[in-house]
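Q: Sharing a structure, written as structure tokens. Questions coming.
The values are calculated or read from the model by the stated rules, or taken from the named source; none is laboratory data. Model, not experiment: these values are computed from the prediction. Cβ coordinates were reconstructed from backbone atoms using ideal geometry, including for glycine residues, and neighbour counts include every protein chain displayed. Remember, those area values only see protein heavy atoms, side chains included, never the ligands or the DNA or RNA. Shrake-Rupley method; radii C 1.70, N 1.55, O 1.52, S 1.80 Å.
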Amino acid sequence: MAGMGSDERGGGAPVAGWEPVGFARRSNLVLRPVGLSRRRFLQLGAATLVVTAVGPACDRKSDGKAGGGSKGAKEAPMLAERVKAGDLPPLEERLPENPLVVEPVDELGEYGGTWTGIVAGGTTNPYLFVRTIAYDMLLNWDRTFTRTVPNLAESIDVSDDATTFTLRLRPGVKWSDGEPFTAHDVAFAYNDVLNNESLTGAKAPFWLVAGGKPATFEAVDDATVRVTFAAANGIFPYRLCSPFGNDLVVYPRHYFEQFHPAHNSSVTSGEVFLEKAGIGGAGVATNADVPTLRAWKITQALGAGNRVVAERNPYYWKVDTEGRQLPYIDRVVFDIVDEPSVALLKATNGELSLSTGADSLADATNKPVLARSRESGGYKFFDINDSGMNQMIISLNLTHKDPVKREIFRNRNFRIGLSHAVNRDDLIKAVWARQGEPWQLAPKREAPFFDEELAKQYTEFDLDLANQHLDRAFRQRDGDGFRLGPDGKRISFLLDVASSVVASWGDAAALIAGYWREVGVEMRVNSVDNTLLVERTSSNSHDAAVWSGDAGLLDAYLDPRWYMPFGRFSYYAVGWGLWYNGDPAYADQVPPAGPKRQMELYDQLKSTSEDAERARLMKSILEIAKEEFYAIGTVLRTGDFGIVKNDFKNVMSPMPGGFMYPQPGPSSPEQYFISS
């Protein structure tokens, strides 16, 4: 799915530094956000994080589940051999003072084995690796996608006006080469890279801007980072947990200073730095020399052959509940695969340890094929609760450059009529393997701001009702029965569809073209590749476009593109979205009262750190979305799934998923193991 560009405005999550307030059960410590009073903690919903106590636990003997063999060892045998040979310091010198304790999903694991997967050929996008072997941010999402939890930062203090955030890092954490990870690494990532236009050619990313000004990052001491914004940014902790947070923890200062013109006088330009770092943090996958903080370090980089290989990080700073260093798995191997058919064959042959949708295997159209090979392939299905709320959204361009098409598309009765003309039950049966239900652009039922009326409005298939609305909009027809627009010409437009992204979109679009022909509207499917679709929509050059409906859960705070004009990825109103983002080329695209009010509400939402207030503001935004009815939804995404080998353990089900919750990353892959 398309990520959000640097022109998007921010979005949010609960505050996440924690301090002890009591015990939930023996050895399990209940925490509350640091700097919050008990009263304030209760106002936030008394959300807790359960962390098994560290210290004496590191010396306890294993319980029954930790049996013999590698389950009783405190570190992987391959590392113990290196210690014995004098190639590696002892475990106690490699772990931090307070290692983060990870409670396994099902059971304590055993050391060893290789995790196998695939990478779509040609990609240099680090997102896949953030989703699998490289999800460790300053703050992480919890496994249930309901709150943020400590990670590389042990705590975060937030000022009353939500402009200053003080992060206290976990002391003693080391990079994979043994060098200390400090606040200076985080400050370097921002001051010398992300907010260095002379180096990258870009200003600070949107999520690190508030009040129209970039944030300031200060390393107060080795373990403390102070982040200050010019205006309130209450959702900043949420951003730290998202894939965007990756940017702050992938630039080890001691390694990258040697390639940086501001730190090495022999370097005369930023080209060498960018070659080593990769664009957008891609160095996490494309440069095997970069030290990492993650559980596995890449040893064969993307682009260096037909696979990507990573091996356990001997300095990884997490342990299980018995004090045994993680990860359990020794090695990760991702094959580069160009053809979807080859990926499917590898899956049915049982060659993949795990697939969670990042490789596009978990498409409803593949499920019957995968189901038939479960026994022979030695794998099973598990459920994914993806945050995507719609299989396919049709966005008519309300800010079209052509004034006639703009007038047609902005006619609300026209959009309502087209919606009633879509036979969604037919789509569910014919295209989406009988999975889903009729749905508009609305959050899922699990979201705290779910609105049933918004989800279901205008989803009834009723040609009489469709024609009534369309007649109110454009009654006149030509000799072939097609409706005439305000210029007296046939209403006809192109629908851009990138079927290469999701094959089912092309099938659904063809059916919808037929439905609309029945009510006198000519829509022609325009199959394009994803690059061209993004070019056309970003430049506001499309008639209409198809994409999936993202952000149906808590991520709606961060990415409300389908609920209000938010930027260039709000395909139904790119002009208004870019006006909101202050793009001077769209200064004349002033939105009407409804979307303008949503933008004001969203600015308020970003400014608050109160959960209840944030949800209230989101509901107000959705009330306006219900009235505006910007675009036409089809079917609620259900039945999302992954596949996992029978011997690949500790994979949670159901597992949340989405762009902002990059599954399986927040489910703690470091505690996955392969049973012998």
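Q: Could you tell me which trypsin sites (Lys or Arg not before Pro) in the stretch 368-403 are loop residues by DSSP with no more than 13 other beta carbons within 10 angstrom of their beta carbon?
A: Here the sparse-neighbourhood loop sites are 401.
Q: Measure off, as a whole percent, the carbon and sulfur share of the 1.4 Å-probe accessible area of the stretch 299-451, all protein chains present. Working shown, then result.
A: Details: 2370 of 5510 Å².
So the carbon and sulfur contribution to the accessible surface is 43 percent.
Q: Would you mind calculating the gained length between residue 304 and residue 82 on full extension (0.36 nm times residue separation, minus the Cα-Cα distance), in nm to one decimal?
A: 77.3 nm
Q: Expressed as a whole percentage, what fraction of the accessible surface of the stretch 573-676 belongs to carbon and sulfur atoms when a 1.4 Å probe is rolled over the protein heavy atoms?
A: Of all accessible area on the stretch 573-676, carbon and sulfur atoms account for 51 percent.
Q: Can you give the net charge of the other residues whose Cβ lies under 11 Å from the Cβ of residue 456, counting K and R as +1 and D and E as -1?
A: Numbers: positive: 424, 626; negative: 437, 451, 452, 453, 460.
The answer is -3.
Q: Would you work out if the chain is rounded, prolate or oblate? Take a ≥ b ≥ c from the square roots of the eigenvalues of the alpha-carbon gyration tensor; rounded if a/c is under 1.5, else prolate when a/b is larger than b/c, oblate otherwise. Let's see the in-between values first.
A: Details: a/c = 1.83, a/b = 1.55, b/c = 1.18.
Prolate, since a/c reaches 1.5 and a/b exceeds b/c.
Q: What distance in nm separates the two pseudo spin-label positions at residue 612 and residue 342, each 7 Å out from Cα along the beta-carbon direction?
A: If labels sit at residue 612 and residue 342, their model points lie 5.7 nm apart.
Q: How far apart, in nm, are the 7 Å Cα→Cβ label points at residue 676 and residue 433?
A: Taking the two extended label points, one gets 3.6 nm.
Q: What list of ³J(HN,Hα) couplings, whole Hz, do you get for the stretch 156-166 from phi and the Karplus terms 6.51, -1.76, 1.60, once you set θ to phi - 60° and write x for glycine and proline?
A: Going residue by residue, I get 9, 9, 10, 5, 4, 8, 6, 10, 10, 10, 10 Hz, with x marking Gly and Pro.
Q: Quick one: of the DSSP bridges fully inside the chain, what percent are antiparallel, nearest 5?
A: The antiparallel proportion sits near 75 percent.
Q: Counting other C-beta atoms within 10 Å, and keeping those with at most 15, which DSSP coil GluC sites (Glu not before Pro) do you find in the stretch 402-457?
A: Those satisfying the criteria are 446.
Q: For the stretch 238-249, in order, what is each residue's ³J(HN,Hα) by Karplus, 6.51 cos²θ - 1.76 cosθ + 1.60 with θ = phi - 60°, in whole Hz (x at glycine and Pro)?
A: Values, residue by residue: 5, 4, 4, 7, 7, x, 4, x, 4, 4, 8, 10 Hz.
Q: Using only the Cα atoms of the stretch 411-529, build the gyration tensor, take square roots of its eigenvalues as a ≥ b ≥ c, and label the shape rounded, prolate or oblate: rounded if a/c is under 1.5, else prolate if a/b is larger than b/c, else oblate.
A: Oblate, because a/c is 1.5 or more while a/b does not exceed b/c.
Q: Which far-off residues, 5 or more places away or on another chain, put their amide H under 5 Å from the one on residue 526, with H placed in the peptide plane?
A: 495, 496, 497
Q: How big is the charge dipole of the stretch 370-450 about its Cα centre, in debye rounded to the nearest 20, if each Lys and Arg gets +1 on its Cβ and each Asp and Glu gets -1 on its Cβ?
A: Here the stretch 370-450 has a charge dipole of around 220 debye.
Q: Here is a follow-up. Quick check: pseudo-label points 7 Å beyond the Cα along Cα→Cβ at residue 213 and residue 446, how many nm apart are they?
A: Placing both labels 7 Å beyond Cα along the Cβ direction yields 4.0 nm.
Q: Considering amide H positions built from the backbone, and no H for Pro or chain starts, which residues 5 or more places from residue 224, or on another chain, come under 5 Å of its amide H?
A: Sorted by chain and number, the residues that satisfy this are 169, 183.
Q: About the Cα centre, and with charges only on the beta carbon of Lys, Arg (+1) and Asp, Glu (-1), how big is the dipole of the chain? Nearest 20 debye, please.
A: The calculated dipole for the chain is roughly 960 debye.
Q: Check which residues have an amide H placed less than 5 Å from residue 324's amide H, if you skip close sequence neighbours.
A: none
Q: May I pose another question? Given the rule -39500 (n - 2.57) for each run of at least 4 DSSP H residues, summed and divided by the residues of the chain, what is its mean residue ellipticity at 222 nm, to the nearest 500 deg cm²/dmol?
A: -7000 deg cm²/dmol
Q: How would you rank 147-158, 473-484, highest first, on the average number of other Cβ atoms within 10 Å across their residues?
A: Highest-to-lowest ranking by the protection proxy: 147-158, 473-484.
Q: Rounded if a/c is under 1.5, else prolate if a/b beats b/c, else oblate: with a ≥ b ≥ c from the C-alpha gyration tensor eigenvalues square-rooted, which is the stretch 114-196? Don't skip to the answer; put the middle values down first.
A: Numbers: a/c = 1.70, a/b = 1.47, b/c = 1.16.
Note, shape of the stretch 114-196 comes out prolate.
Q: R0 = 60 Å: FRET efficiency of residue 221 with residue 476, Cβ-based, nearest 0.05?
A: After rounding, the FRET efficiency stands at 0.25.
Q: By how many nm would the segment from residue 107 to residue 426 grow when fully extended, if each residue of separation counts as 0.36 nm and the alpha-carbon distance is taken off?
A: Going from the current span to full extension adds 110.5 nm.
Q: In whole Hz and in residue order, list the ³J(HN,Hα) couplings for the stretch 319-325 that follow from phi through the Karplus curve 6.51 cos²θ - 1.76 cosθ + 1.60, θ = phi - 60°; x for Gly and Pro.
A: My calculation for the stretch 319-325 gives 9, 7, 6, 9, x, 8, 4 Hz in order.
Q: In what sequence, highest mean first, do 432-438, 365-371 appear when ranked by Cβ atoms within 10 angstrom?
A: 432-438, 365-371
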